[in-house]
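Input: a single structure, listed below in structure tokens.
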Amino acid sequence: MTERILLVDDQRDLLDHLAKVLRERRYEVLAAGSGEEAVDVARREKERLDAIVLDLDLAPGKLEGAAAVQLLRQAAPEVPIVALSGKGTTLDAVKVLKLGVVDLVEKGLYVEEALPVSLQRVRAVARVLQENRQLRRDLQMLQARVELQRAGERERNRIVGDSPAIRKVLEDVRVAAPGSRPVLLRGERGTGKELVAATLHERSDRPDGPFVAVNCAALPGSLLERELFGYETGAFPGADLRRLGKIEQAHGGTLYLGDVGYLTGELQERLMRALDAGEVMRLGGGERVKVDLRLVAGSVADLEARIESGAFRRDLFDLLAQRVIRVPPLRDRAEDIARLADHFAEGMRQKVGWTEPRGFAPEVLERFRLHPWPGNVRELRAVVDRMVIGCPERTLRLRDLPVELLGPGAGTLPQQLEALERALVERALDRWTGNRERAAESLGLTLAELDAKRA
């Protein structure tokens, strides 16, 4: 495609000569005999100009030099400018370079050879500038999408409810959020302790830092140690690359340790040392890395009983229990069930991409209210997700309920067996505090079979 050049010079002979040179090189040339005329052309043609060639030595009394460059930059900010300078215009040349001129060409015997070479350089610069502008636009669009996703994630994962029990949790979060003191969250499995920890982080003094969560009951001691503290290359067989631990990853933010009561004695000691010193050492390494984080811990276990049996350190408990927030079971906040169900249904609808909202028939909400919910909010969310995915209609009715919520003897024999298997899996997970490997082993299942029976 032919490139369009705006050529600006008040010497008619030189203007015609350079225009001829450029046209012979297959440029399309627009000529202007003054700075004022050039600004008008640039403003009118800016979308179709590839470069501007401006003589800095325009006639005295008219727009010239730096002033012309400034006005041309305003008229066509995306178009690169090449300046023609004669002897004696060095100071003006330096000034216009600072204003954004891309290249300088000295007017002399070889100007007709130097100018096309300069325009080739300008073409390369313009290509880079165009790519940079496109990258900035792409980055802005990506940042906007990420922010929308984060806003949607915050909305889906916010604490929902208006019961006295949940209002007490929110008030405790408000009081505990500022500062860096550790917080201990206590409650049954599935009550939403990690969500409360994330809310503490969002309302803390470090909301822009990372929020890193670890389930201490889900990994055996050696793997959990690697997960928490990281390791250097060669620290153990198979450690081919350095890996930062979760403690290090949480620097500047919040570290949530779920089921903290299941840390081994050795890990409790290492954690205490890391928190006291404000530094961590990776496995297989000798360097101590400074860390600044806020620790939030969650516990299903009776930590006092574990202290009495020697399974949990008293000093670690005292450190964690500086502030304690109790997260209530769903049965203690039954008035929130309908709102939670609607919230989860809307989140799943958006995830699936359906346009119409999903609602619950009154008899379904009544059955929800009467169900004991041993798995608490997590169980309710799983039930709602299954109902929304399995029902194409806008209103979810009793027939759409999982069989375990329909009452004894409800459903076909395969449905009842499926419900019984799911209940046994949930009971095993309860017993082993969410540790899928141990739960699967106790039931004689593989991990894949366990996950399939929960789906």
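The values are calculated or read from the model by the stated rules, or taken from the named source; none is laboratory data. This one's a predicted model, so the numbers in the text were calculated from it and none came from an experiment. Cβ coordinates were reconstructed from backbone atoms using ideal geometry, including for glycine residues, and neighbour counts include every protein chain displayed.
Only one of these is at pLDDT below 85 and either outside the structural domain of residue 108 (by TED's automatic domain parsing) or in a helix (DSSP H, G or I) (or both): 67, 19, 59, 42. Name it.
So the residue among 67, 19, 59, 42 that is at pLDDT below 85 and either outside the structural domain of residue 108 (by TED's automatic domain parsing) or in a helix (DSSP H, G or I) (or both) is 67.
Criterion first (touching a Leu at 6+ places or on another chain (Cβ under 9 Å) and outside the structural domain of residue 429 (by TED's automatic domain parsing)) does residue 283 satisfy it?
no
In the range 230-260, how many are surrounded by fewer than 23 Cβ atoms within 10 Å (Cβ to Cβ) and under 25 Å from residue 204 (Cβ atoms)?
8
How many residues does the range 171-183 hold that are in contact (Cβ under 8 Å) with a residue 60 or more places away in the chain and under 22 Å from residue 331 (Cβ atoms)?
2
Is one or more of the residues making up the range 357-377 over 32 Å from the mean Cα position of the chain (by Cα), at pLDDT 90 or above and within 30 Å of residue 273 (Cα to Cα)?
no
Hey, can you tell me all the residues within the range 219-263 that are in contact with a helix residue (DSSP H, G or I) (Cβ under 7 Å, 6 or more places away or on another chain) and among the small types (Gly, Ala, Ser)?
Of everything in the range 219-263, those that are in contact with a helix residue (DSSP H, G or I) (Cβ under 7 Å, 6 or more places away or on another chain) and among the small types (Gly, Ala, Ser) turn out to be 221, 230, 245, 253, 258, 261.
Tell me which residues, restricted to the range 420-435, are surrounded by 19 or more Cβ atoms within 10 Å (Cβ to Cβ), over 17 Å from residue 301 (Cβ atoms) and at pLDDT 75 or above.
425
Inspect all residues belonging to the range 391-403 and state whether any of them is at pLDDT 80 or above, assigned to a helix (DSSP H, G or I) and of a type in the set (A, V, I, L, M).
Yes: one or more hits.
From the list 10, 50, which residue is of a type in the set (Asp, Glu), over 18 Å from residue 111 (Cβ atoms) and in the same structural domain as residue 106 (by TED's automatic domain parsing)?
Only one candidate qualifies: 50.
Note down all Cβ pairs under 6 Å where the first residue falls in the range 345-364 and is in the same structural domain as residue 392 (by TED's automatic domain parsing) and under 16 Å from residue 400 (Cβ atoms), the second is part of a loop (DSSP other than H, G, I, E, B) and at pLDDT 80 or above, and they're at least six residues apart or on different chains.
Filtered contacts from the range 345-364: 345/358; 349/358; 356/394; 361/397.
Taking interchain pairs and intrachain pairs at least six residues apart, which have beta carbon atoms under 7 angstrom, with the first residue in the range 386-404 and more than 17 Å from residue 371 (Cβ to Cβ) and touching a residue at least 12 places away in the same chain (Cβ under 8 Å) and the second assigned to a helix (DSSP H, G or I) and of a type outside the set (Gly, Ala, Ser)?
388/348; 388/349; 389/348; 389/352; 391/400
Could you check residue 299 against (1) surrounded by 13 or more Cβ atoms within 10 Å (Cβ to Cβ); (2) among the hydroxyl-bearing types (Ser, Thr, Tyr); (3) free of Cβ contacts under 8 Å to residues at least 24 places away in the same chain and say which number it fails?
(3)
Can you spot a residue in the range 367-378 that is polar (S, T, N, Q), closer than 28 Å to residue 427 by Cα and assigned by TED's automatic domain parsing to the domain that holds residue 397?
Checked the range 367-378: at least one residue is polar (S, T, N, Q), closer than 28 Å to residue 427 by Cα and assigned by TED's automatic domain parsing to the domain that holds residue 397.
Test residue 296 against the criterion of being at pLDDT below 95, touching a strand residue (DSSP E or B) at 6+ places or on another chain (Cβ under 6 Å), closer than 24 Å to residue 179 by Cβ and assigned by TED's automatic domain parsing to the domain that holds residue 167, and give yes or no.
no
If you check residue 288 against the conditions, is it over 30 Å from residue 249 (Cα atoms) and not hydroxyl-bearing (Ser, Thr, Tyr)?
Here the answer is no, as residue 288 does not meet what is asked.
Are any residues in the range 299-324 in contact with a helix residue (DSSP H, G or I) (Cβ under 6 Å, 6 or more places away or on another chain) and closer than 12 Å to residue 265 by Cα, and if so, which ones?
Matches in the range 299-324: 306, 307, 312, 313, 314, 316.
Any idea how many residues of the range 16-65 are over 24 Å from residue 130 (Cα atoms) and in contact (Cβ under 8 Å) with a residue 40 or more places away in the chain?
9
Given the residues 317, 344, 312, which is the only one that is crowded, with 18+ Cβ neighbours inside 10 Å and not in a helix (DSSP H, G or I)?
Matching residue, one of 317, 344, 312: 312.
Being under 42 Å from the mean Cα position of the chain (by Cα) and among the hydrophobic types (A, V, I, L, M, F, W, C) is the filter here; which residues of the range 97-109 pass it?
Hits for the range 97-109 are 97, 99, 101, 102.
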